[in-house]
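First up is the structure itself, then whatever we jot down about it.
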Amino acid sequence: MSGHNLQGRRILITGASSGLGRHFALTLARQGARLALAARRMDLLESLTEEISAAGGEAVAIHLDVTDPASIEAVVSQTVDAFGGIDILVNNSGVAPSDMAIDVTEETWDRVMDTNLKGVWLMSQAAARAMIDGGNAGNIINIASVLAIRSQKGTTPYGVSKAGLVQMTKSLAVEWARFGIRVNAIAPGYFATDIAKQYIESDAGQRMVKNVPQRRYGSAEDLDGVLLLLAGDGSRYMTGVFIPVDGGHSLALP
């Protein structure tokens, strides 16, 4: 058994237009997966699908707004139409405002919860129905955060949403195991992505890295191993797990 062999697997990735989602798409494409890449920015998605196709892979770009239930249903339907079904869903869409708790507006709170928690719930539910209707076992990988188990100033709505996502992961794993659907979560720490670059290069970011036992921030490649483990058959007896990938950051006192 090759734990990382994803040849022909039909994978839907949300938030695939940039950052970690884009990296996940390229990583999974190299393992032979057939990819439905979903996000709001179609120009970036189409560029990514062209890059994957030029390398011999297979991918389609589909517009998605995870705060819109109709958009979610359309993405799942289009993925099934394109590939005949869905084997794996990677829930990567998310937003991360940086307001202090006293300043968080109801609008910001709702936007974070609708994207990071409700959106994942609706995506998972729609994908699971497609998996069950297709008569095949399924696999859902949620991208959580170490802030689901640690606290940091200026991240209250985000941390609450990711803590809820971890509990959702466990609950769905219990309920959907009878359908052959596994549900697991990856919890990245701070990674050197475009969205985090400004913070990482700031004085505060340079101070924070000293609290990471490995004394560095993560690179996207540091997530490849756990992503391929959870996507492949090497994790076929794993469900409901929450795996931090953070250089030991969640173990250390701030």
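The values are calculated or read from the model by the stated rules, or taken from the named source; none is laboratory data. Everything numeric in this text was worked out from a predicted model, so none of it was measured. Cβ placement follows ideal geometry from the backbone for every residue including glycine, while neighbour counts extend to all protein chains displayed.
Scan the range 19-72 residue by residue and report those that are charged (D, E, K, R) and closer than 23 Å to VAL226 by Cβ.
The answer is ARG22, ARG30, ARG34.
For TYR237, are the conditions met, namely being surrounded by 15 or more Cβ atoms within 10 Å (Cβ to Cβ) and aromatic (Phe, Trp, Tyr)?
Considered against the rule, which asks whether it is surrounded by 15 or more Cβ atoms within 10 Å (Cβ to Cβ) and aromatic (Phe, Trp, Tyr), TYR237 comes out as no.
What residue, of GLY180, GLY134, is touching a residue at least 24 places away in the same chain (Cβ under 8 Å), on the phi > 0 side of the Ramachandran plot and of a type in the set (Gly, Ala, Ser)?
GLY180
Pairs needed: first member in the range 114-126, farther than 22 Å from VAL80 by Cβ; second member anywhere, surrounded by fewer than 19 Cβ atoms within 10 Å (Cβ to Cβ) and not hydrophobic (A, V, I, L, M, F, W, C); C-beta distance under 7 Å; at least 6 residues apart or different chains.
ASP114/THR67; THR115/THR67; LEU117/GLY164
Which condition number does ARG129 fail, the rest of (1) crowded, with 16+ Cβ neighbours inside 10 Å; (2) among the charged types (D, E, K, R); (3) modelled with pLDDT of 95 or more being met?
The one condition ARG129 does not meet is (1).
Taking helices (runs of 4 or more DSSP H) that fall entirely within the range 146-214, which contain at least 3 residues that are buried (at least 17 other Cβ atoms within 10 Å of the Cβ)?
Correct list: 156-176.
Residues in the range 133-145 that are part of a loop (DSSP other than H, G, I, E, B) and under 16 Å from ILE243 (Cα atoms): how many?
The total comes to 2.
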